[in-house]
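Reading through the structure tokens given below for one structure.
The values are calculated or read from the model by the stated rules, or taken from the named source; none is laboratory data. Just so it is clear, the structure is predicted and the values come from calculations on it, not from any experiment. Virtual Cβ from ideal backbone geometry, glycine too; neighbours counted across all protein chains shown.
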Amino acid sequence: MSPSSHGETMQRKRTLAQQDALVGFALILPSVLIILGISLQPIISTLYLSLFESSRGINAERTFIGFANYTTFLSDPVFWITIGRTLYFTLVSVGLELVLGLAIAQLIHTHPPGWQFLRTSLIIPWAVPTIVNGTMWRWIYNADYGAMNGLLLQLGIIDKYIPWLTKPNVAMNLVILADLWHSVPFIALILQAALATLPADLEEAAAVDGANALQRFLLVRLPLLRPAILVALVIRTVEAFRVFDIIYVITNGGPAYSTVTISFLTYLEMFSFGHVGRGSALSFLISLFTLIMAFIYIRMLYRPEEKL
Amino acid sequence: MKKTLHIIVLSLLVVLVLVFIYLPVAWLLISSISTRAELLSTPIHWIPQQPTLQNYINIFSPAQGTSEVAKTFRITLWNSLLVATSVTFIALVVGSLASYALIRLRFPFRQSMLIGILGTRMIPEISLVIPLYLFATRFGLFNSPVILIITYLSFALPFAIWLMAAFFDTIPVELEDAARIDGCNRIQTLWRIIMPISAPGLVSTGLFVFLTAWDEFFFALILTSTVAAKTVPVAIAEFTGRYVVDVGGMMTGGVLAAIPPVLLSLIFQRYIVSGLTAGAVKG
């Protein structure tokens, strides 16, 4: 590059940068407008609605009450019971999912006979729509004609048909089982893909150093899998915490409110009781929890040392 | 000897997982081809003695005397297809442009915009639904496929941007530099160079967005009321709400609703696994 053309190149670079900024804004503008309109504006409206007493439906008049909707929850036992129930659902289902998903991923990784067929099969429960999944299990759990009663009776485990979904402590666990059918394969898919990319030489070196199979799994493989496990964990925790669809079809919140989670309570407040203000406050709390988890998730995906 | 035992144990475990996966699906399929009498018999007829396709016929060529829900199911299938396809198309076009800009071009607030978009993807539907409902009623969009397309973009668009960003990031910058030396501007580079090699990314992103839209239940439940806009998940949930439950019809509806996503996922399974590892999640 000759010195005389140097200034010209700088000039060209500057106009290119300006052109980039212009094109960039033009390309991103439609997305930003859509997101502002259908996500940001509504969530701010919801926050605004949550500051009002409004218990006669969506279009009724309302009175400003500040944060009273939030403070009443703090002293409302129903709220705390619902939170507890939601945490139970979240912890049990995410915990079991991770353990079983990891076990299945591990199983596939050892390449037993039929492992490719198993890997493909995992896609099916993941792809079946949530509502279909729920409807299917509801029919399996049916008190009078359900397959679960039929099977357990023929195996001699029960001696007469049992109306499973009318038992408060059983119903929640059956919803969890239906949820597991869908999410265990999902976790297994993610983790088996992660396992397939792990370098083998580290474990071989550990074996040479005298580590047994369990030690190699716990001390070498598990730490290497940590990023994949964390991603799956956060995604599933957010989803499980806001579970709604599958509960709607399997138990509709019953029996005796025993499967009402925080999202379901919000739905009831908004659309069954007409408590728009309280419902909005609840939904905002769910958003807040999600936001915190999202923050953790983004921090995990995009470590500072990596480029965006 | 020890090795054979090892293989036997592992094979048994494989069979166990396969049973857990396929048993419920098998029962769904069997129930859909059973007569009402056989479905309601005790002990259970695991294998139907008189398998029938009547439930499928009821949905696809509704004659007299078939249940109202079965008749309307066909229309809801169409609604689902229309909504999911439109959402996928819009999210792909609008989202991939934004995503390209966010990954490749230097401009102010780029990073905070990307993080902001990722954040909106996580907002739960229930926190948006009341304002969106008020919007729908004010503009006469309640119970129309249009409001579903609009509201579904709230999760589909950030999702598409996110997935495409992960994809664009893997395309070497040198390729674009070469195109620019040859005299292409940014838009030409995007159209002639980037889009053609992004085909796999577009396919997998489109697939995930379509599956998510097909699966969506909550917005459709709140924002629709008749077959004019009802989608398949709402139609299936309604089967259960009726006083007289048409189990055969319900299971048939379930099979039909599951066929498109399951087939697509199996055909494109390569893309599914790579998409999942890129952080894609249908849930």
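Here's the yes/no breakdown for (1) at pLDDT below 90; (2) assigned to a helix (DSSP H, G or I); (3) closer than 26 Å to B:M122 by Cβ:
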{"site": "B:F239", "(1), (2), (3)": "yes, yes, no"}
{"site": "B:G249", "(1), (2), (3)": "yes, yes, no"}
{"site": "B:V262", "(1), (2), (3)": "no, yes, no"}
{"site": "B:L276", "(1), (2), (3)": "yes, yes, yes"}
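On the given criteria, is A:I83 under 17 Å from the mean Cα position of the chain (by Cα) and either more than 13 Å from chain B (Cβ to nearest Cβ) or of a type outside the set (K, R) (or both)?
Numbers: under 17 Å from the mean Cα position of the chain (by Cα): yes; either more than 13 Å from chain B (Cβ to nearest Cβ) or of a type outside the set (K, R) (or both): yes.
Answer is yes for this residue.
Just the residues that are surrounded by fewer than 18 Cβ atoms within 10 Å (Cβ to Cβ) and polar (S, T, N, Q), please, taken from segment A:39-69.
Within segment A:39-69, A:Q41, A:S55, A:N59, A:T63 qualify.
Output the qualifying pairs, or none if there are none: Cβ atoms under 7 angstrom, residues six or more apart or on different chains, first residue in segment B:172-191 and within 11 Å of chain A (Cβ to nearest Cβ), second residue of a type in the set (F, W, Y).
B:L190/B:Y100
Grab the helices (runs of 4 or more DSSP H) fully contained in segment A:228-308, keeping just those with 2 or more residues being at pLDDT below 90 and over 16 Å from A:S50 (Cβ atoms).
Details: elements: A:245-250, A:262-267, A:276-301.
Output list reads A:276-301.
With the structure loaded, tell me whether A:I104 is surrounded by 13 or more Cβ atoms within 10 Å (Cβ to Cβ), more than 7 Å from chain B (Cβ to nearest Cβ) and either under 19 Å from the mean Cα position of the chain (by Cα) or within 30 Å of A:A188 (Cα to Cα) (or both) or whether it fails that test. Can you show your working first?
Details: surrounded by 13 or more Cβ atoms within 10 Å (Cβ to Cβ): yes; more than 7 Å from chain B (Cβ to nearest Cβ): no; either under 19 Å from the mean Cα position of the chain (by Cα) or within 30 Å of A:A188 (Cα to Cα) (or both): yes.
For A:I104, the condition - surrounded by 13 or more Cβ atoms within 10 Å (Cβ to Cβ), more than 7 Å from chain B (Cβ to nearest Cβ) and either under 19 Å from the mean Cα position of the chain (by Cα) or within 30 Å of A:A188 (Cα to Cα) (or both) - is not met.
Which ones in segment A:142-167 are more than 21 Å from B:I47 (Cβ to Cβ) and within 11 Å of chain B (Cβ to nearest Cβ)?
A:K160
Please find, among A:S54, A:S93, the residue that is among the polar types (S, T, N, Q), touching a residue at least 60 places away in the same chain (Cβ under 8 Å) and not assigned by TED's automatic domain parsing to the domain that holds A:S287. Don't jump to the end; show me each part of the working.
Values: A:S93 fails: not assigned by TED's automatic domain parsing to the domain that holds A:S287.
Testing whether each residue is among the polar types (S, T, N, Q), touching a residue at least 60 places away in the same chain (Cβ under 8 Å) and not assigned by TED's automatic domain parsing to the domain that holds A:S287 leaves just A:S54.
Assuming A:A68 fulfils every condition listed in (1) within 11 Å of chain B (Cβ to nearest Cβ); (2) modelled with pLDDT under 90 apart from one, which condition is it?
Result: A:A68 fails condition (1) only.
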